[in-house]
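Shown below is the structure under consideration.
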Amino acid sequence: MHAPSGALRLALLYAVVFVEIGIAMPFMPLWLGALGLDPSIIGLLLALPIATRIVATAPLMALIDRGVSARTLLTAGSLGVALTYGLMPAASAFGWPALAVLTVLNAVAAAPLVPSIDYLTLAAVRREPRLDYARIRLAGSLAFLAANILGGALLGALGEAVAVPLLLTGLALGASLVALASHSVTPPAAARDATQARPPLPACLWLAIAAAAAIQASHAAIYGFGSLHWTGHGIATAWVGSLWAIGVGAEILLFALIGFAPAGWRSPFRLLALGGCAAFLRAIGMTVAGTELGPVIALQALHGLTFGATQLGAMAAVSAFAPEGARGRAQGTLSAASALAAACATLMSGLAYRSGGPLAFALMAPLALAGLVLAAAAARAARLPPAGPFGRAAPETV
């Protein structure tokens with residue numbers, strides 16, 4: 001694969017999938033509300049995809065280890081997403097149970113999309129060291145931010161009651177066409193002999209996956225209740241979108257510049273540790289100063305580390321330590337573990353916020369510390385220096 005064109009094709013895959021996510025995440029709840037559904041039903045429909053990803057992601061990604069190409073998963077998954085979104089307006093006439101069925105099917109189809117692109121990108125970086133995972137993944141963050149900013153204006157012009165599922169259908173069809181055309185970024189399928197035992201994931205990788213899941217789960221309170229907390233304490237509603245944009249902007253900046261950092265700071269475990277430290281500071285900061293605009297701006301800028309460094313550390317660990325014949329399973333296990341931890345943390349933060357407000361943010365600090373401890377344990381368990389996915393020199397273990 002030629003490095004520049006391969007990087008562009010992988011970046012395009014991230015972009016088309018994350019544009020869709022950037023529309024669905026903020027605007028699907030609005031569409032459900034426009035149907036007149038009870039808030040409890042809307043909550044159920046929003047929780048179903050999380051539960052589905054926990055169950056579906058790892059088995060679907062394990063198909064790669066059995067010879068199913070990641071490109072096939074991307075194409076079939078995008079077509080499934082398009083079909084289910086396209087059916088939702090008609091299904092809404094039959095009540096929320098029909099929407100629930102389509103929501104589950106949609107989540108099954110979507111579950112392998114991002115992990116499959118991560119799999120392809122990490123494989124490309126291992127084949128071609130000039131490629132840089134972070135800079136390729138940057139396209140997804142840029143697309144997500146653009147969808148957040150432009151999606152509201154577009155849907156406002158078209159009318160959210162109809163436009164949301166139809167727009168998502170079109171975006172998913174576009175993603176399937178891009179995946180179908182992505183021959184050059186697909187590595188040869190390496191089917192495992194059915195008579196051979198599945199290669200186990202090493203202990204250091206299990207620990208790194210657990211660390212990443214814990215640190216990412218510490219975002220639950222701010223994802224779920226940050227906007228509500230800010231506006232409820234006097235921060236203008238007009239600032240909310242800007243605050244979220246600051247977080248995504250910090251993430252984009254990290255992805256753009258991480259390749260210039262010294263090799264030692266691009267180690268999987270140091271990146272995870274950076275994410276854990278920043279997540280702890282952010283949780284404490286939101287607890288004590290989450291109602292003041294100045295501190296909140298600084299806390300949102302930490303998102304570049306709490307999410308970005310954790311994501312890069314997790315990808316580096318999978319790339320370095322997942323054995324051949326188990327890379328798809330490792331990618332799926334990381335996604336499923338992250339979804340499970342996020343679901344539990346979201347439930348916990350919801351209960352805490354209802355009873356104690358800022359207590360919900362304080363409860364995220366132990367999760368961040370747990371991730372930090374697990375990252376240190378992963379570093380101790382690692383026996384070989386990993387080859388990192390960020391281009392230039394391979395990072396060293398800590």
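No lab work stands behind these numbers, since they all come straight from the coordinates. Bear in mind the structure is a predicted one, so any value in this text is a computation, not a measurement. Every residue, glycine among them, receives a Cβ derived from its backbone with ideal geometry; neighbour counts consider all protein chains shown.
Ratio of the chain's C-alpha Rg to 2.2 N^0.38 Å, to two decimals? Mind showing how you got there, number by number?
Values: Rg = 20.3 Å, N = 398, 2.2 N^0.38 = 21.4 Å.
My calculation over the Cα atoms of the chain gives 0.95.
Right, next: Could you please rank 222, 258, 149, placing first whichever residue has the fewest other Cβ atoms within 10 Å of its Cβ?
Working: 222 28, 258 22, 149 13.
Neighbour counts put them in this order, fewest first: 149, 258, 222.
Given bins 5 angstrom wide, list per bin the percent of all Cα-Cα distances in region 44-142, short to long.
In order of increasing distance, the bins hold 2, 13, 19, 19, 18, 14, 8, 5, 2, 1, 0 percent.
Go ahead and set up a Gaussian network model of the chain, Cα springs under 10 Å, then flag whichever of 25, 364, 286 fluctuates most.
25
Next question. Taking 0.36 nm per residue of sequence separation and subtracting the Cα-Cα distance, how much length would be gained by fully extending the chain between residue 355 and residue 180, in nm to one decimal? Before the final figure, lay out the partial values.
On the way: separation 175, 0.36 × 175 = 63.00 nm, distance 4.92 nm.
Fully extending the segment from residue 355 to residue 180 adds 58.1 nm.
For the chain, what is the mean residue ellipticity at 222 nm derived from helices alone (per DSSP H run of n ≥ 4: -39500 (n - 2.57); sum divided by total residues; nearest 500 deg cm²/dmol)? Intermediate results must be reported in sequence, preceding the final value.
Numbers: 16 runs with 299 residues, N = 398.
Mean residue ellipticity, 222 nm, calculated: -25500 deg cm²/dmol.
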